[in-house]
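The structure under discussion appears below in the form of structure tokens.
The values are calculated or read from the model by the stated rules, or taken from the named source; none is laboratory data. Being a predicted model, the structure only gives us computed values, none of them experimental. As a convention, Cβ positions derive from the backbone with ideal geometry for all residues, glycine included, and neighbour counts pool all protein chains shown. What goes into the accessible areas is simple: the full protein's heavy atoms, side chains included, and nothing from ligands, DNA or RNA. Shrake-Rupley method; radii C 1.70, N 1.55, O 1.52, S 1.80 Å.
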Amino acid sequence: MLAGFLAVAWLQVAAVLLVVLLVLEPLPGEIALQVAVPLVIAVAGLLWWATVRALRLRRPAPAGVPVLRQHAPALWTMIDDAAAAAGVKPPGGVTVVAGATVTVAQRLRLGGLAGGHRELHLGLPLLQAWDESRVRAVVAHELAHGSPALGGRFGPMARRGRLALGRIVPRIPRRSPAGPLLRAWARWYKAVDTPYSHAQELAADRVAATFAGPHAAAAVLRDGPALESMQQMFHAEYLSPGWQAGLVPDDVFGGFLRVLAARGDDMAAFRAHDPEPPGEWDPHPPLAERLAALAEITPEGPEPPGKPAGELVPDLPGLGRALQAVAFPVGGRAVVGWDEFFGVARVAEMEREADASLRALSRAAGVPVTGVGEVLDLAADGRLRKIAETVFGDLPADEVSGRITDLLALLLALAALHSGKARWRHSWTGTAELVAIDGSYLELHAPAEAAGDPATVGQAREWLTTLGVDITADASTARHHSARVPVLGGVVGVQVDGARTDLLVLETGLFLVPALPRTRHHESRRRLTRLATDGVLTDGSPAPASAPPTGTPGGGTATATLTETSAAEKTTTEKTVSASRFVPFADVATASATRNGRRSWEINLRDGGTLNVRSTLDSEELPGGWAALDDAVAFLTRTR
């Protein structure tokens, strides 16, 4: 069936070319020659290019640290035993990666008809959080996918074919002329293959249960998704804010271990969640069916205790530091301890919120309002209330008062932080708390209420003086660390005012980069991914590029495929990014979205300029790109 899919892909190109030749045959020779070249290019050439793009398989390897046999003999012995139990050869290499997953990556050739080098990607969080029996179970399960004993001689090819189509079909553009027939064949392939794939997955579960024990095999099915959810929460709540502020913690994976230890209730809640249904091309049967099959062979009684999986590696903390160097490259960021990491991240978030509010006040007041001093002056002469009513004109009076108090509390807190009279006290188990520098309680609500009333604003100034707060203190603490603006998504190959452009959607605006030629589309995507990874500074300029490391602290060699670029490509990136443009949302007057065949957005700027953004046939999004652009324009439409 896979060979049929590939044959159909190219037969339709040949069929179109044959039709073109039949149309040209009756024409005189000179006329036929004049018509043939543009017609072949316009029809057969377009379909050929669409087919090539659809069938191209690219899957960059995740950043990781290779582990050689001599460096971790216990780990390799376990993998050899798991391969023997699965009836396959051991993988050609083992790479420890940052994600909480285990996969066997194989280079696919001829669209999946033939396989190539196999490599086991083992997630470091599994070595940190699980015991050895669980790691044995998940490794045996993944290796069993390549076993002819589970599905016959063509079983591995069938799995490669499903994985290949699962990567090809979602990438076929909706308007691609090669798409309808390919998608129809893929649906038929999936319908025929699904029962076979489910049976193969259940057989792989039995291999894992035989090798590591039924208890461990079942625990992997329950704990695997929960551990991935915990890691996503760790990245979103703990790592991302400081990363966007231009910092890197000195021990990322050590922080994840602390979260696992401190938030056991969250882990239990993730385990209790109903599992998400398998994806369209996911070969796994529903989780309940897999657990029921394992329950039939699971003996009664508790699971015997197992050794920590970290003992399979001689120096797990050192491996974590080596992996951090390639999975979280420093680039232009500062490496700090977790306490400073959290503190600066909180200040950076507060400064972004305060900057947006002060810009809104400045537009309404008609004069620059740059800090708490100017806001207190506006409050003292009674203008702050009128300006706030202009900004929040659709809110009732009591809510306007609440917004004023919230803004003043934010500005007072920033003033105390910048003066060194307050700090953030972080907790791994709960919400961070703003306290006085000596750790005592810091009251902000009452002074903020007083600062909003012209009759009592003087009391707020006295409170600031008593505390030793300087309202003119430098307000750029976080920016000293090259703070980044959060990147929400991106799109490669859109038209902006008629020019081909790559676009990043930031929390505070749009970052526009002149696109590379269409023939270098794949380079454009890599370049935009790199820009999104390195980040954009608060002034709208691209952050310094992350330089991929050449080695690891342990003397081994590290691989960072996702961050590697050739010298020529790097030069092209630097030249093109130098012509980039940042459009802050604060400069947008109105925005609207339309859809007449292609997506388009019109953004009118306060200086009278206009941005017309349109999708093209080969526009391609980074994860969440279209949704981020739609959400940004919808927000601007509501608030302008």
Excluding ligands, DNA and RNA, the carbon-plus-sulfur percentage of the accessible area of the stretch 224-271 with a 1.4 Å probe reads 48 percent
If R0 = 45 Å, then E433 and N612, at their Cβ-Cβ distance, give a FRET efficiency to the nearest 0.05 of 0.45
Would you give the gap between the C-alpha center of the stretch 76-107 and the C-alpha center of the stretch 491-549, rounded to a whole Å? 36 Å
Between the stretch 178-248 and the stretch 596-640, how many Å separate their Cα centres? 33 Å
FRET efficiency for V330 and A455, using Cβ-Cβ distance with R0 set to 45 Å, rounded to 0.05: 0.30
Probe 1.4 Å, heavy atoms of protein chains only: per residue, the accessible area of the stretch 303-447 in Å² is 47 Å²
What's the carbon and sulfur percent of the stretch 385-477's accessible surface, probe 1.4 angstrom, rounded to a whole number? 52 percent
Ordering 421-427, 205-211 by per-residue average of other C-beta atoms within 10 angstrom, highest first, gives 205-211, 421-427
Using modelled amide H (1.01 Å from N, peptide plane; none on Pro or chain starts), what sits under 5 Å from the amide H of G489, excluding residues fewer than 5 places away? V505
Let's test the formula: R0 of 60 Å, r as the Cβ-Cβ distance of I297 and E443. What FRET efficiency results, to the nearest 0.05? 0.45
Could you sort W188, W281 by accessible area so the largest value comes first, with the probe set to 1.4 Å? W188, W281
With 5 Å bins from zero, work out the P(r) of the stretch 256-347 over every alpha carbon pair and list the percent per bin. 2, 8, 9, 13, 15, 16, 15, 10, 6, 4, 1, 0
The answer for R118, listing residues at least 5 apart or on another chain whose modeled amide H is closer than 5 Å to its amide H, is G92
So how much accessible area does D250 have, in Å² to the nearest 10, using a 1.4 Å probe? 80 Å²
How much solvent-accessible surface does L503 expose, in Å² to the nearest 10, with a 1.4 Å probe and all protein chains in place? 0 Å²
Can you tell me the relative contact order of the stretch 253-389? Whole percent, Cα pairs under 8 Å, sequence separation 6 or more. 15 percent
Among H445, H145, H198, what's the order by accessible area (1.4 angstrom probe), most exposed first? H445, H198, H145
Extension gain from A236 to S600, taking 0.36 nm per residue of separation minus the Cα-Cα distance: 128.0 nm
Write out the GluC sites (Glu not before Pro) in the stretch 412-458 meeting two conditions: DSSP loop, and at most 15 other Cβ atoms within 10 Å of their Cβ. E443
